[in-house]
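In what follows, a single structure is set out as structure tokens and then discussed.
Bear in mind that the values in this text are calculations on the coordinates, not laboratory data. All of these numbers come straight from a predicted model, not from anything done at the bench. Cβ placement follows ideal geometry from the backbone for every residue including glycine, while neighbour counts extend to all protein chains displayed.
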Amino acid sequence: MCGIWALFGSDECLSVQCLSAMKIAHRGPDAFRFENVNGFTNCCFGFHRLAVVDQLYGMQPIRVKKFPYLWLCYNGEIYNFKQLQKQFGFDFQTLVDGEVILHLYNRGGIEQTASMLDGVFAFILLDTANRKVFLARDTYGVRPLFKVLTDDGFLGVCSEAKGLINLKHSTSLCSKVEPFLPGHYEVLDLKPSGKVASVELVKFHSCKDEPLHVACDTVEALPSAGFDLETVKSNIRILFENAVRKRLMAHRRIGCLLSGGLDSSLVAAVLLKLMKEININYPLQTFAIGMENSPDLLAARKVAAHIGSEHHEVILNTEEGIQAIEEVIFSLETYDITTIRASIGMYLVSKYIRKKTDSVVIFSGEGSDELTQGYIYFHKAPSPEEAAEESERLLKELYLFDVLRADRTTAAHGLELRVPFLDHRFTSYYLSLPAELRIPKNGIEKYLLRLSFEDSNLLPKEILWRPKEAFSDGIASVKKSWFSILQDYIDQQVDDLLLEKAAEKYPFNPPKTKESYYYRQIFEKHYSGRSSWLPHYWMPRWVKATDPSARTLKHYKSAAQE
């Protein structure tokens, strides 16, 4: 996890512009470099480093003797870099996984490069020999990337929008900062003036398609094809374990977030099993957050005892949670209601990890709810086919919601997130299964995933079959949820008259509740006029919901009352 920043064709003094690069310093607390591009005095790179792989030669922009005309700034991890090196006979100059991007590009161009990378990434690649700039981002946008491109060809690129919004330009303050789309690459011509012109934006991978890099995977071919249940369960276990195994690549200590729900518990259990197999000689630290005796804390405690992790509990107090709201919204760059609610706990547990432990590479369960139809409202899907379509829609929008939350809350404290449920191979296989297999069954969501691990003894049965908790609710008690605590506080901060006039003040995505109004006010304070970064609020489908919390849904209430 790092922070990347680059400018092409700046009219303003670079020493002034580079102050914007310092807005993302939290993403790379270990080192910083600011470098001009030879022959293009108004082009430069900025890089904040979190040293996870090759601590000696990992500074960026990466340049190697073999390709003196290539400059690379990237944020992410390429899990198959050694397999690619072996398959194509690449001669590496460093131990940095990202160096493979330079070799792939030299061998086959940008399309092959982006398609063959098994990992999470956002990168800026400059080819001064051919006067091209390339931008690319992984399939699910696990690593963030924003850009601004003015009409006269000034380009700014950054890991977070906050590194671009105050850039100066001759025509005006740069205003059209926007997220770079996941699963895409862009080709831009670099002019002698340092300005750029966009040539094409190409979608190189869709979540349903089996990725091209399967040929370079550690599990080359699944032992059996077909959709009989035992085969499917076996393949799910094989691919999920493979997804966790490849993510063990690190020179820093590995830890795991553990809410006690199915997703994080499966990740933690498989992670600890694999760490033992490869003789990692320190205990796995797991981390849970919640109020005293909250459902998440009690369940996580049970999982940690079962798998034998070194477990840490962070007790959330109401005042601390409320005080964190503004800094959380500043970190997230969104005003989405459920994203902010769920981020507060994750932000505070990340703060604890950074201050109190030496774990830096943090595994988590993001992506499972979208992939395996884990949200409560999937019980109301009109048909298996519509449920499958909704699952794909959620995966495509992850970069706006859960993946955004997971990246920003951990990156704010200099931690690197790893999300095995969003492994390209695992997700494409799961999405290839018949729609009927993937829906909730017997009143239980993620039924197929649970069934696949039922006989593995990785988790206690009551955890494996534990019903879905909304993260913001699981950290509190059922009687007094985090949701209710927030409402009580915000009710005192926003009066009824303000809410009545909300649509006039905020015509785009107008707030409908005091809570959403409160969040919007804070967002506009830091990112005025940028409301289009959130195309719509996250809301459940097929139900008459006015709030995104699972607690407002009938199925959740009946389960809680039993």
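Annotations for the structure displayed:
- The phi torsions of the range 388-403, fed into the Karplus equation with coefficients 6.51, -1.76 and 1.60 and a -60° offset, translate into couplings of 5, 5, 5, 4, 5, 4, 4, 5, 5, 9, 3, 5, 8, 10, 5, 5 Hz, rounded to whole numbers, with Gly and Pro shown as x.
- Calculated Rg/Rh (Cα atoms, Kirkwood Rh) (choose from (1) 0.99; (2) 1.15; (3) 0.95), label: (3)
- Reciprocal of mean inverse Cα separation for the range 3-203 (Kirkwood radius, Å): 16.7
- Summed residue charge, Cβ within 14 Å of residue 70's Cβ, Lys/Arg positive, Asp/Glu negative: +3
- Alpha-carbon radius of gyration plus Dmax, which is the widest Cα pair, for the range 211-291 in Å: 15.0, 47
- Chain lengthening between residue 65 and residue 88 when straightened (0.36 nm per residue, less Cα-Cα): 6.4 nm
- Counting DSSP beta bridges with both ends in the chain, the antiparallel % (nearest 5): 75
- Our coupling estimate for the range 160-166, obtained by passing each phi through the Karplus curve with A = 6.51, B = -1.76, C = 1.60 and θ = phi - 60°, is 10, 4, 4, x, 10, 5, 9 Hz, Gly and Pro reported as x.
- The range 107-157: C-alpha pair distances exceeding 12 Å, %: 69
- The shape of the range 224-488 comes out oblate: with a ≥ b ≥ c from the C-alpha gyration tensor, a/c is at least 1.5 while a/b does not beat b/c.
- Sites residue 202 and residue 292, calculated FRET efficiency, Cβ-Cβ separation with R0 60 Å, nearest 0.05: 0.70
- At most 14 other Cβ within 10 Å, DSSP loop - GluC sites (Glu not before Pro), the range 185-242: 220
- The calculated P(r) of the range 136-228, using every Cα pair and 5 Å bins from 0, goes 2, 12, 16, 18, 16, 11, 8, 6, 5, 4, 2, 1, 0 in percent.
- Per residue of the chain, the DSSP helices (runs of n ≥ 4 H) give a summed -39500 (n - 2.57) that works out to -10500 deg cm²/dmol at 222 nm.
- In the range 195-229, the trypsin sites (Lys or Arg not before Pro) that fall in loop regions by DSSP, at most 13 other Cβ within 10 Å: 208
- For the range 325-483, the convex hull spanned by the alpha carbon atoms encloses 143 Å³ per residue.
- Counting 0.36 nm for each residue step from residue 130 to residue 433 and taking away their Cα separation leaves a gain of 104.7 nm.
- Extension gain for the segment residue 539 to residue 11, taken as residue separation times 0.36 nm less the Cα-Cα distance, is 185.8 nm to one decimal.
- Those chymotrypsin sites (Phe, Trp or Tyr not before Pro) in the range 1-106 that DSSP places in a loop and that have at most 14 other beta carbons within 10 Å: 57
- When the C-alpha to C-alpha distance is required to be over 27 Å, the pairs from 82/233; 356/396; 82/208; 233/441; 82/191 that qualify are 82/233; 356/396; 82/191.
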